[in-house]
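The values are calculated or read from the model by the stated rules, or taken from the named source; none is laboratory data. Source: prediction; values computed, not measured. Note that each Cβ is placed from the backbone with ideal geometry, even for glycine, and that neighbours are counted across all protein chains shown.
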Amino acid sequence: MVSSDPADKLLVERAQQDPRRFADLYAAHFDRVYAFVARRVPGRLDAQDLTSEVFQQALANLARYEWRGVPFAAWLYRIAANAVADHHARIARARSLPEAPDPGGPGDVEDAERRASLYRAVRGLPPDQRQVIELRFAEGRSVAEIAAALGRSEGAVKQLQFRAIKALRQRMDQDDA
């Protein structure tokens, strides 16, 4: 997926030299990034907010961006995929919080403790493994969808998932011991 469009590279270089030129990159890529986000979140306002967040993060990190022959849009898609994953994780956390404590039996307490331990273990994974686990199991995405969103091969996603699950099993086994 090597970019043969020198205009993309030129826009990036100009924006890196003068952040006011970022508007050119924004105009060139807004529609694609918005469509990418809008397909992954249910509400128009959420899609607009997340798209705005993507471009804010891109502008903030533009100085660290290195041209490697890959289209600039791929970098934006990666930022967008992370923003969407974070958005879904926030929603999932909000939904998982009970409105009022429900007095349950000892089994309910043990189950809640085990889930809390699992959530802590997932948060302790390296960022790329955590993201694959969240996309795969919290959002129910396929390996192919995750690979496309992260700009990685399906094999790489499977390897990340394997390593993450192995690490989670080890962590949960340690917690049970």
| field | Residues satisfying the stated conditions in region 12-26, i.e. among the aliphatic types (A, V, I, L, M) and either within 15 Å of Gly69 (Cβ to Cβ) or not assigned by TED's automatic domain parsing to the domain that holds Arg68 (or both) | value | Val12
| Any idea how many residues of region 5-25 are exposed (fewer than 15 other Cβ atoms within 10 Å of the Cβ), part of a helix (DSSP H, G or I) and touching a residue at least 12 places away in the same chain (Cβ under 8 Å)? | 3
| Restricting attention to region 136-160, which residues are part of a helix (DSSP H, G or I) and modelled with pLDDT under 85? | Arg136, Phe137, Ala138
| request: Could you list all residues from region 23-39 that are of a type in the set (D, E, K, R) and closer than 15 Å to Glu53 by Cα? | output: Asp31, Arg32
| request: Could you identify the single residue in Arg14, Arg44, Arg64 that is modelled with pLDDT of 90 or more and basic (Lys, Arg)? | output: Arg14
| message | I'd like to know if region 57-64 contains one or more residues that are buried (at least 18 other Cβ atoms within 10 Å of the Cβ), in the same structural domain as Ala7 (by TED's automatic domain parsing), under 22 Å from Ala138 (Cβ atoms) and in contact (Cβ under 8 Å) with a residue 12 or more places away in the chain. | response | no
| said: Among the numbered criteria (1) surrounded by 11 or more Cβ atoms within 10 Å (Cβ to Cβ); (2) at pLDDT below 90; (3) under 21 Å from Arg169 (Cα atoms), which one does Gly104 miss? | reply: (3)
